[in-house]
Structure formats: structure tokens, C-alpha cells
1. Full extension from His32 to Glu164: what is 0.36 nm times the residue separation minus their Cα-Cα distance, to one decimal in nm?
2. Assigning unit charges at the beta carbon (Lys, Arg +1; Asp, Glu -1) and nothing else, what dipole magnitude in debye, to the nearest 20, does region 232-300 show about its Cα centre?
3. I'm spelling it out carefully: the read-out is Rg and Dmax of the Cα atoms in Å, the candidates are (i) 18.7, 71; (ii) 29.4, 92; (iii) 23.4, 80, and one was derived from this structure. Which label?
4. Gain in length, Arg300 to Arg57, computed as 0.36 nm per residue apart minus the alpha-carbon separation, to one decimal in nm?
5. Treating the beta-carbon of each Lys and Arg as +1 and of each Asp and Glu as -1, no other charges, what is the dipole magnitude of the chain about its Cα centre, to the nearest 20 debye?
6. Looking at region 102-185, which GluC sites (Glu not before Pro) are in a loop (DSSP not H, G, I, E or B) and have at most 10 other Cβ atoms within 10 Å?
7. Please check: in the Gaussian network model of the chain (C-alpha springs, under 10 Å), which one of Arg202, Arg96, Arg255 has the largest mean-square fluctuation.
8. Quick one: of the DSSP bridges fully inside the chain, what percent are antiparallel, nearest 5?
Amino acid sequence: MDELRRIDLNLLLTLHALLIERHVTRASIRLHKSQPAVSHSLAQLREHFNDQLLIRRDGYMALTAKAQALIIPLEAALLSLNGLLGETNFNPETARARLRLSLSDYAAKTILPSVVRRVRAEAPGLELAISQASREAMNAQLADGELDLALGIFPDTPEEIMVENLFPDQFVSVADQAAIPVDRTLTLDEWLDRPHVMLALRPDANDEIEKTLSAKGLRRSIALALPHWTAAVEMIEGTDLILTIASRALISMDRFPNLHCFEPPLELPRISYQQAWHVRKDADPALKWLRRCFVECGQRSVHR
């Protein structure tokens, strides 16, 4: 307890903001404080930890090794204190927090709009900072404390990553009507031989479709690989390409009257779309509230 007497606990909130933002001005905005006040706090923190914490490198601010090592234990300590002092009194109307999310444009189209509407109506002080990353990168960012919540499909996660189902989905194939037989069906061999569009952040990704094909000793021909779900549909019209995609991504198919949706000629696994977070953030009241929003919005979307 002696160390706690030597430091103002408000400095720890400033330290957390500086370590996350890696920028004095952005940290001051996050904390709703003036830049000189945050700069003064940084000087105090440097003296307390006997370390520069933030150093200028190649035009930007980087964390020292000491600062990097502080991120996870500091975040865990602040969350514990927050839970001790205020979790039971959490009020979304007055809460102020910045939550960092990672999700694809599939989630941005299917569930995020309803969540954002609820946030703005019920918790306008919550700021959502959204990025996009591969599944592997999201797991790493959750572990490193760079993300608060990730949305996607997480079949294999580290033990410390918690996962919750949001809603089910299934794969469908899409092709231009002029490029498929009159009866609008394809055999498995015909489907495999056609040029395909693969949706992935990396061209060499091994997603659920590729895993299923590989397990059966099959392989499809990838003519185009891209990470943009919405744009992928627009690539199909007027081509011989086939896109196999989660069905909920096709909610605006009426814009493409020449495209035809059909079941792929092989059994693909059903999708369970999920949210994931690190166990050390399980008790964060703002994050708990937001996770509940995603669950409830996901359930409502299933029953539409």
C-alpha cells in the first residue's frame, strides 16, 4: 500500500490514456482535459516510474519497454477498481468511455447500424473506435489490450479469450444468371471449375470454405481475393465469377436483378457469428453493456 500513497490515482487514468493513444493531444481529448494538464501529468509519471514512457521516434510517439510492460497490469488494475467502485451504479446515460472494436464490413452492414442507434439513444457518451483485422490479428490485439471487443467467427481461441454467439448464418453462392445453366444449378465439379471470389483479409487465408474443401480433398479456383464483403457482390454482375458468402450480407440483392443466389453443391458449415473479448475485461461495465447490445440486436435480427 505504500506505493499507492506515493501517487495520485488520477495519474493512473492519464497513464492509461497515454499508453493507449500514444499521443498527448489525443490522450487529453480522451480524458476531457487540457493538453498542458496531460503534459504535466506525463512529467509526473516519468518521474514516478523513472522512465520516459513515451519517446519520439521517426515522427511519432512510441512506448518504451517499461511502458509496454505496464499496459496489461495497469488495465487490469483500473478495471478492478472501476468494478469495485462503480459497476453496480453503471448508468449508460451518463457513462463516458471509448471502446475499441474490430469487425468486418459484414458486421458493419448486418448488426452495427442497430447497435449504433441504440448507443446514440441510450449511451451517447460511449465512443466506438472501429478497425478491421484478420481473425489472428484480432486475437493478438485482444490479448495485448489494443482491442476491447472483436466481432467475427472464432472457432479456435486462446483460453483467455471469451466468446459469445450473436446470431447464426449460412453460406450461399451468387452468380450472374447469364453465366449459369438455364436450370440455375451447378454440379459440384462445375462449381469447383468456375472462377471464384474469396472473401478474406489475406489472399492465403484458410477460411471455413477452404477448410471444408481441403477436408474433402477438393480445391476451388480463386480468381479474385478481396476483403470487402459489400464490394464483392458488385464484382459478380456481368462476369463468370462465383461468390460464396454469408447470406445476411445479401440484404440489398434487389439492386442486382441479374444475379442469382443458390445453395452451394456441397455441405458447408453453418456460421455462428460471435463477439470476443479478453477475460480481464469481462467485468468492464461499459463493455458489458455494449456486449449486451450486440446480443440483443443480433437476436432481434434473427426474428425479423
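1. Length gained, His32 through Glu164: 44.2 nm.
2. So the dipole magnitude of region 232-300 works out to roughly 620 debye.
3. (iii)
4. Net length gain for the segment: 82.7 nm.
5. The calculation lands at about 1000 debye.
6. Glu159
7. Of Arg202, Arg96, Arg255, the most mobile in the Gaussian network model is Arg255.
8. That works out to approximately 60 percent antiparallel.
Read the figures in this text as sums done on the coordinates, not as results from a lab. All of these numbers come straight from a predicted model, not from anything done at the bench. A quick note on method: Cβ atoms are made from the backbone with ideal geometry, for glycine too, and the neighbour counts reach across all protein chains shown.
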